[in-house]
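Any read-out appearing in this document is the output of simple, stated calculations on the displayed coordinates, not a laboratory observation. Not measured: the values here are computed from a predicted model. Here the Cβ is made from the backbone with ideal geometry for all residues, glycine too, and neighbour counts use every protein chain on show.
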Amino acid sequence: MSDMLDELYRDVIMDHYRNPRGKKKLDKSDIHSEGKNPSCGDELEMDLQIKDGIIEDVHVGCVGCAISVSSGSMLAEVIKGKSIDEVKKIAEVVKKMLKGEPIPDDIEIEMGDLDALEGVKKFPVRIKCALLSWTTLIDSIDTVADNKERAFSTTE
Amino acid sequence: MSDMLDELYRDVIMDHYRNPRGKKKLDKSDIHSEGKNPSCGDELEMDLQIKDGIIEDVHVGCVGCAISVSSGSMLAEVIKGKSIDEVKKIAEVVKKMLKGEPIPDDIEIEMGDLDALEGVKKFPVRIKCALLSWTTLIDSIDTVADNKERAFSTTE
Amino acid sequence: MGMVENTIIKKSAEKGVLDINKIRKDFPVLNREVHGKKLVYLDNAATTQKPRAVIEALVDYYSNTNANVHRGLHTLAEEATSAFEETRSLTAGFIGAEEPAEIIYTRNATEAINLVAYSWGRKNIRKGDRIVLTEMEHHANLVPWIVLAKETGAELAYIPIDDNGCLDLDDLGNIITPNTKLVAFMQMSNVLGTINPAGEIIEKAHKRGAITLVDGAQSAPHMPVDVKSLDADFYAFSAHKMLGPTGVGFLYGKREILDRMEPFNTGGEMINEVRYDYADWNDLPHKFEAGTPNIADVIAFKPALEYLNNVGMDAVREHERELTEYALGKMLDLGFVKIFGPTDSAHRGGAISFIVDDIHSHDMATMLDTRGIAVRAGHHCAQPLMKRLGVSSTTRASFYIYNTREEIDEFIASLVEIRRYFSNV
Amino acid sequence: MGMVENTIIKKSAEKGVLDINKIRKDFPVLNREVHGKKLVYLDNAATTQKPRAVIEALVDYYSNTNANVHRGLHTLAEEATSAFEETRSLTAGFIGAEEPAEIIYTRNATEAINLVAYSWGRKNIRKGDRIVLTEMEHHANLVPWIVLAKETGAELAYIPIDDNGCLDLDDLGNIITPNTKLVAFMQMSNVLGTINPAGEIIEKAHKRGAITLVDGAQSAPHMPVDVKSLDADFYAFSAHKMLGPTGVGFLYGKREILDRMEPFNTGGEMINEVRYDYADWNDLPHKFEAGTPNIADVIAFKPALEYLNNVGMDAVREHERELTEYALGKMLDLGFVKIFGPTDSAHRGGAISFIVDDIHSHDMATMLDTRGIAVRAGHHCAQPLMKRLGVSSTTRASFYIYNTREEIDEFIASLVEIRRYFSNV
Ligand SMILES: Cc1ncc(COP(=O)(O)O)c(C=O)c1O
Ligand SMILES: Cc1ncc(COP(=O)(O)O)c(C=O)c1O
């Protein structure tokens, strides 16, 4: 329909949208958090199982658009099995990528499908859709660090 | 200095401004009232002695500009000795004159120096200066009719 | 609420009531291109575009008159003050108020409602009192009352909606209880388009001795309104939704009620006398207008009202009714569009909320935007209503006097293409 | 306060710091004629004139972009939102705020102060607490606290002024008592011109654990301001007094304080979640901005700030200081002018209040107006100060970046003529 749209709705994104990973609820959760975009109504819940600083399992439940759902799905896929430090680095890179900021050369991370989110930066109002799951994740991790139990985030 | 100003600051007006009539306080007052222009700070107090429907004596104390002071002074001069009905008619005519509205032919009243206020109508923001004493007077009279004791008015 | 029946309404495919081509020339923004396409602006329930006369009034004011109002004795200040008050008179006439002093300038409809919640509500609503709202209210006419109820211990009750998106008034007599102090409701829904029977609700409320507030943010711009014949106690609306500048709203209130209210914001202009330990208040409407008002935009709202008066609010309503009928018919024809709200254009305005398959409203709005079509997506400041409708968001197209059938045709064609595109990517 | 000494100050009769001719060309209204005379606009403390760039920004916005902000997913809405937020960043920078979210858009300075009185005051001020103000406050920073004190049973205390029109701080330690919760004061007087030692007062207030609010309505437009180095907790000002459009004001507040405050007005945009019986709030700054904001005027304030930044606030201040020095010298030379406020231009801004003989300020303003000179007359929204000064009103001339020595010469010549005229009629 338009080249512009094709950059946003890449096949990978639509695949994650239609078959979101991490959809399955976990039987136990070490840290539960919720995120929301008040202006548009997207809602997300996230559960993490963490052991020895490694994210062993993750659940992401997102009610939202193709961008927020697929971003959450990619997140679930990519962070599983990674250490908290690695995950933090990935989140930073994703944020930079979405905001169109340069990504430092010395960061070597495995991006998986995440590259597909790059098209979002041309749609400024959609960036916060893609950010929702990542902001929630960071708040989750910070909550762990602060020894709190629940986190609540927004990308406004 | 300017023809326009000469129409406003006529000799009669300046004479009333410099020697306001009705300045002397009354030893007794049947009806006391106060008026004010909140936006500019002009303040006026008025006392009436009324007997058998005739205004026997009047005191007007005005802190204000040349227009409000002289208008109050002319009022004091013209209403003394008149019946309440006559005074009401005069007040109506003055209001109409100031607002530039036509004055009905069938009204025959003795205007005294009041004609000098006609120049005010060319200065829209000053009309309320000239109106202050008249609005206060009408409120006074209405208060008498309503059997109240004090009146408070503004020309805003 | 199920999908509405696919009744195809095609009454007047002929030329409409307005000379749209002439009207469109008065709105400079309609020449704008978006992503290389001519702008099709269907986001009028959010804010409308402005005719050249409004823009020129701003230029003229700032280039020739600009001064502070009310307290000024110089020429500019006098001109500004009289223009500022002329808008008030015209606004009073537009909604049928008894006198200009019953029109209070606010920032927007939201602030008008908050003014009532603070100045009238804090004084008149007590623990155990009831405030009646409807299930379709905008946050602007919801949150101030939720906050007030929490503060005072008052209870909230809601007039429900039926499956057609209309108020269900069957139980109104029981909902408006004797302890009901306020009935506040929208005259036209920004989501469902529904036109509510304001007169009927007000009459019932008054029988119970309740005060009424009508949120006219969506109705005042789109249909003839007469607060006198409605007998509304308060009426709130926004200039920016009816061709006027942003930053100007209105609270109409009956004088006897406004006179008894304490002020809301306090400061300059609204006082009579101030001492270091005392203050009392100026007369209406100044009592409620503290500080330097939005002078330029109030003045520039006059040509907006004149524009609407020239077109005629009956014609505005009829044009939009025809356009809505046309759009609803086409949308229902598609078969894959689910519409929320009544589908009979006689009972609704031109805000049409819908969803298409599993396409999220944000994606829909983005895709329409690449075709130059501006719509709104999300909860439309009516989260509780969204829940009631069983959705998290909808897409909304909404019309005004400059919209055309050709634009609706483009919108419809885009829906078809988008659906095809989205199922293929 | 007696008549100030006739010290003639004539330091820099030479060319000033600004290229005034160039600046004047940017202000269309300065070509205006009043009663056949070229406008001499000396009513800048009431509101300032607007440069062409501000007017053009309005035209551009309404002709090309106009859309509602924040909730929109289409191109126009995105452009409007980002321009709307750019002004916030620039404003934050202009007054030295830590982050844009600490800047809340209001209608004017008055509303900014009311926001604090409602949202912070109602929660933090209790019976027996003290609120400290000054004797020179504008009604905007007086009436909200008089009302709050009456409501809560708090007490008001005033920092006095000396015979020179400056705050007398000798007793400050006793006035700001341990039970003082708020110290609210103007940084520059709109009547006396006085520049108050804001930093010193704030430091003393903080030592007592009090919160501080600075009314910057007259200072932000006329001198460099840095809320960070002042350590002000709240700072209020208005766009229309600094080249910007009417209808836009600002409340700066420290994040940690704003975060703990409940909202003021409620409705759309400012919520996080709303249910029929519950609402919670969005983050800063949105929490305090309910409903559709004054989008166009906020956006058009950006070129006003850019204009001031280009000129440089130091240069603005220096130009006005020179002009004030020049005007004060000339006025005192006349011998018949009584000036209220300090006569040392180093400690005052360009608002000069005065009286001439027995000529009432309204008559003075009318007579100046016939000569094209716009000044203000009356109580300047400072009735208690007027009483303190022993007058019912004054005439006020006030300057801005586009005013010239030639204009002041005309003003002085007019004073002479008016005095002669008035004593002869
Ligand atoms: C010192 C001071 N504070 C507050 C205000 C109020 O400003 P605004 O009317 O823009 O709210 C003014 C302006 O009149 C002022 O001079
Ligand atoms: C029904 C309704 N009420 C109130 C409002 C609030 O209007 P504003 O944002 O102009 O205050 C709106 C607009 O968003 C609306 O549609």
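Worth pointing out:
- Selected from C:SER398, C:ILE339, C:ALA97, residue furthest toward positive end of dipole (chain C; charges at beta carbon): C:ILE339
- Other copies of C:PHE336: label-to-label distances in nm, shortest first, labels 7 Å along the beta-carbon direction: 8.7
- Pseudo-label separations to other copies for A:LYS25 - Cα-to-Cβ vector, 7 Å, nm: 8.4
- Alpha carbon centroid spacing (whole Å) that separates segment D:111-129 from segment C:337-412: 42
- Classification of segment C:143-235 by its C-alpha gyration tensor yields a rounded form. The axis ratio a/c (a ≥ b ≥ c) stays under 1.5.
- Prolate/oblate/rounded label for segment C:57-309 (Cα gyration tensor, a/c 1.5): oblate
- Prolate/oblate/rounded label for segment C:190-268 (Cα gyration tensor, a/c 1.5): oblate
- Less than 5 angstrom separates the built amide H of C:ILE211 from those of C:LEU182, C:VAL183, all sequence-distant by 5 or more or on a different chain.
- Among beta bridges identified by DSSP and lying wholly in the protein assembly as shown, the antiparallel ones come to about 65 percent.
- Among D:116-123, B:1-8, the order from most to least packed when residues are scored by Cβ within 10 Å on average: D:116-123, B:1-8
- Sorting the segments B:45-58, A:55-68 by their residues' average number of neighbouring beta-carbon atoms within 10 angstrom, most packed first, yields A:55-68, B:45-58.
- Exercise: per-residue mean of other protein chain Cβ atoms within 10 Å, A:65-71: 4
- Restraint check, A:LYS36/D:LYS302; C:LYS123/D:LYS127; B:LYS28/B:LYS82, Cα-Cα greater than 27 Å: A:LYS36/D:LYS302
- Top of C:VAL29, C:VAL248, C:VAL54 by mean-square fluctuation, Gaussian network on chain C, Cα under 10 Å: C:VAL29
- Ranked by the mean number of other Cβ atoms within 10 Å per residue, highest first, peptides C:307-313, B:9-15 order as B:9-15, C:307-313.
- Pairwise FRET efficiency - C:SER82 versus D:GLU99, Cβ, R0 = 41 Å, nearest 0.05: 0.45
- Identity and axial distance of the chain C residue whose Cβ lies nearest the axis relating C to D, Å: C:GLY247, 2
- Residue-averaged [θ]222 nm for the protein assembly as shown, counting only DSSP H segments that reach four residues, each worth -39500 (n - 2.57): -11500 deg cm²/dmol
- For segment A:76-150, the equivalent ellipsoid built from the Cα gyration tensor has semi-axes of 21, 15, 11 Å, listed from largest to smallest.
- For D:GLU417, the distances from its label point to the matching points in the remaining copies are 6.9 nm, ordered from shortest, with each point set 7 Å beyond Cα toward Cβ.
- Mean-position separation - Cα centroids, segment D:154-230 and segment B:1-46, in angstrom: 39
- DSSP finds beta bridges in chain C, and of those with both partners inside it, around 60 percent are antiparallel.
- At least 24 Å along the helix axis (C-alpha) and Kyte average at least -0.5, DSSP helices within chain B: B:127-146
- Pairwise inverse Cα distances across chain C, averaged and inverted, put the Kirkwood hydrodynamic radius at 22.5 Å.
- Shielding value for D:46-53 is 4, the average number of Cβ atoms from other chains within 10 Å of each residue's Cβ.
- For chain A, the spherically averaged projection of the C-alpha convex hull amounts to 9.1 nm².
- Ranking C:ILE359, C:TYR326, C:HIS380 by how far each Cα lies toward the positive end of the dipole of segment C:324-425 (charges on Cβ) leaves C:HIS380 at the top.
- Residue among D:PRO285, C:VAL416, D:SER63 farthest towards the positive dipole end of the protein assembly as shown, charges placed on Cβ: D:PRO285
- Lysines whose Cα lies under 21 Å from that of B:LYS122, excluding same-chain neighbours fewer than 8 positions away: B:LYS95, B:LYS96, B:LYS99, D:LYS37, D:LYS38
- Averaged over C:254-266, number of beta-carbon atoms from partner chains that fall within 10 Å: 3
- Computed over the protein assembly as shown, the ratio Rg/Rh where both radii use C-alpha atoms and Rh is Kirkwood: 1.00
- Alpha carbon convex hull of segment C:295-379, projected area averaged over orientations, nm²: 7.8
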